[in-house]
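Note sheet for the following structure.
The values are calculated or read from the model by the stated rules, or taken from the named source; none is laboratory data. Here the structure is a predicted model, which is why all the values come from computation and not from measurement. Note that we place each Cβ from the backbone using ideal geometry, even for glycine, and neighbour counts take in every protein chain shown. Just so you know, the surface numbers come from the protein's heavy atoms only, side chains and all, with ligands and any DNA or RNA stripped out. Shrake-Rupley method; radii C 1.70, N 1.55, O 1.52, S 1.80 Å.
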Amino acid sequence: MDKLLITGGQPLAGELRISGAKNAALPILAATLLSDKPVSVGNIPHLHDITTTLELLGQMGVDLMVDEKMNIEVNANHINKFEAPYELVKTMRASILVLGPLLARFGEAHVSLPGGCAIGTRPVDIHIDSLIKMGANIQVEAGYIHATAKRLIGCHLLLDKVTVTGTENILMAAALADGVTIIENAAKEPEVTDLAHFLNKMGAKITGIGSDILTVEGVERLGVENLRYEILPDRIETGTYLVAGAITRGRVKLKNTDPRILDAVLVKLREAGADIECGDTWIELNMHGKRPKAVNIRTAPYPAFPTDMQAQFTALNSVADGIGLITETVFENRFMHVQELLRMGAQIKLESNTAICSGAEHLTAAPVMATDLRASASLVLAGLVAQGETLVDRIYHIDRGYDHIEEKLTQLGATIRRVPN
Ligand code: UD1
């Protein structure tokens, strides 16, 4: 298993290009199952989760063509298996995203239950209950969701909780349902919006996009000739490199991104003392060599502060001036990184779902272990400022969600390399 070796201490300086959003690419690739015409998708990030999704689609019989720039052409017209097996779902929860499209287009889906994960129990009850309300017959047996439906029927849904992949699954199912589906308390994350735009490009009739009430008028079929779609930029990757700039008191310019989908993160970085300038497709952060100031964070669904940036800001607060409170409201048990940061000299106290961080003057390098995707990113960030050499183990978590992280950080002047086991 590869590890990352990081020598901390240099302020980062330089420019890099942000990749396409993982969390938009995954549902959009799943949505290609709905199309009876080939679809071409660009700006796909080079990530392990994407490889898993392609494997998942491929084993169903989907034809895939991937070029060296990660443009992917998908033809889902000859599917012979309607299954997402445990072996794939256990490595990537987002595999649940094939449930809605398979059921809506082919009337059948067998998807392994995702089970628990490092950041909490993460049930999929809202996905299942909503599809049942749309007329699906669903049995959960031997760890699998078995779903059938002649044709799904549109209905009025009020979701108990804001769920990103839940909203996406329902949107995809509703696009081919008979009649109108109204989804209240829908997730408004930019990745949900990107999926809705993609579905409309394929011929779906979705209105209310970007709001928490989505209305979907079902259509008979989806798919248009020569459809080409570009995935939106990754706001979490963008935020992570901005924190890399801030934590090292450096200056970074990120291109091929979109500042409009990072409001909550930019507000907190400015509060931490960063000088930030934005253009339409770029963001530049400059700390002018200053130590960051501690900030208070409360995670919640978009447009509030994203839970996927919580761990990175915990690392930032670990070396910031003052005391910062980090409250996690989206996932239980999403503080696995704290134990590892403590080993590097961070001063953090956990009280229920709040981490109280007293900024240390400096962190000290230590061998640490990644526990989930964003927790891993926070350890890399801590390694960038720690004194000495930090070895981050289990980086397969990072490869699930960060495109060429060591190359991108090297481009910004970091001393980081991948070491094989
Ligand atoms: C997605 C993102 C993930 C992000 C999260 C929250 C993808 C592939 N992943 O995950 O990076 O951290 O949104 O922004 O897009 N819940 C239920 N029942 C359900 C579904 C969810 O109780 O049926 C709960 C979850 O346990 C959690 C909350 O709702 O407490 C939000 O989860 P959800 O938005 O569904 O997260 P994911 O879609 O899995």
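Set Lys and Arg Cβ to +1 and Asp and Glu Cβ to -1, take the dipole of the chain about its Cα centre, and tell me which of N43, A149, I247 lies farthest positive.
The residue sitting farthest along the positive end of the dipole is I247.
If each DSSP helix of 4+ residues adds -39,500 (n - 2.57) and the sum is divided by the residues in the chain, what number results at 222 nm, nearest 500 deg cm²/dmol?
-9000 deg cm²/dmol
Given the range 44-97, report the % of alpha carbon pairs whose separation exceeds 19 Å.
27
Just the number please: accessible area per residue for the range 12-146, 1.4 Å probe, all protein chains included, in Å².
38
To check you understand DSSP bridge types, tell me what percent of the beta bridges within the range 297-366 (both residues inside) are antiparallel, rounded to 5.
Once the DSSP bridges in the range 297-366 are tallied, antiparallel ones form about 75 percent.
Quote the relative contact order of the range 201-357 in percent (integer), defining contacts as alpha-carbon pairs under 8 Å separated by 6+ residues.
This gives 16 percent for the range 201-357.
Using packing as a proxy for protection, rank 312-318, 330-336 so that the peptide with the highest average count of other Cβ atoms within 10 Å comes first.
312-318, 330-336
Tell me, what is the per residue accessible area of the range 337-421 in Å², probe radius 1.4 Å?
41
With unit charges on the beta carbon (Lys/Arg positive, Asp/Glu negative), name the residue among Q310, N185, V74 whose Cα is farthest towards the positive pole of the charge dipole of the chain.
Q310
For the Cα atoms of the chain, what angle does the longest principal axis make with the long axis of helix 373-385, in degrees from 0 to 90, nearest 10?
Relative to the chain, helix 373-385 is tipped by roughly 20 degrees.
How much of the DSSP bridge set in the range 9-160 is antiparallel, in percent, rounded to the nearest 5?
DSSP beta bridges in the range 9-160 are roughly 90 percent antiparallel.
Nearest 10 degrees is fine. How inclined is helix 164-175 to the longest principal axis of the chain, computing both from alpha carbons?
20
Got the relative contact order for the range 159-241 handy, in percent, Cα pairs under 8 Å and 6 or more residues apart?
31
To test your reading of the geometry: what angle, between 0 and 90 degrees and rounded to tens, separates the Cα axis of helix 22-31 from the longest principal axis of the chain?
On a 0 to 90 degree scale, this one is about 10.
Percent relative contact order of the chain, based on C-alpha pairs within less than 8 angstrom and at least six residues apart?
About 22 percent, as a whole number.
A 23 angstrom limit on the alpha carbon distance is what I want to check against. Which of K90/K268; K150/K205; K22/K188; K22/K90; K69/K188 exceed it?
Those over the limit are K90/K268; K69/K188.
Label the range 265-418 by shape, choosing from rounded, prolate and oblate, from the square roots a ≥ b ≥ c of the eigenvalues of the Cα gyration tensor; if a/c is under 1.5 it is rounded, and otherwise prolate applies when a/b is larger than b/c, oblate when it is not.
Rounded, because the longest to shortest axis ratio a/c is under 1.5.
What shape does the range 305-347 take by its C-alpha gyration tensor, where a ≥ b ≥ c are the square roots of the eigenvalues and a/c under 1.5 counts as rounded, a/b above b/c as prolate, and the rest as oblate?
The shape class here is oblate.
Counting only DSSP beta bridges with both residues in the chain, tell me the antiparallel percent, nearest 5.
The antiparallel proportion sits near 70 percent.
Kindly identify the range 99-211 as rounded, prolate or oblate by the Cα gyration tensor criterion: order the square roots of the eigenvalues as a ≥ b ≥ c, call it rounded if a/c is under 1.5, otherwise compare a/b with b/c, prolate if a/b is larger, else oblate.
Since a/c reaches 1.5 but b/c is at least a/b, the shape of the range 99-211 is classed as oblate.
From zero outward in steps of 20 Å, how is the percent of C-alpha pairs of the chain spread across the bins?
28, 55, 17, 0
Taking the highest mean first, how do the peptides 80-91, 338-349 order by number of other beta carbon atoms within 10 angstrom per residue?
Most protected by this proxy first, the peptides run 338-349, 80-91.
In debye, nearest 20, what is the charge dipole magnitude of the chain about its Cα centre with +1 on Lys and Arg Cβ and -1 on Asp and Glu Cβ, if you could check?
Magnitude of the dipole: close to 620 debye.
Taking the Cα centroid of the range 267-291 and of the range 343-421, what is the distance between the two, rounded to the nearest whole Å?
Measuring centre to centre over Cα atoms gives 21 Å.
In whole percent, and with a 1.4 Å probe on the protein chains, what portion of the accessible area of the chain is carbon and sulfur?
Carbon plus sulfur share of accessible area: 50 percent.
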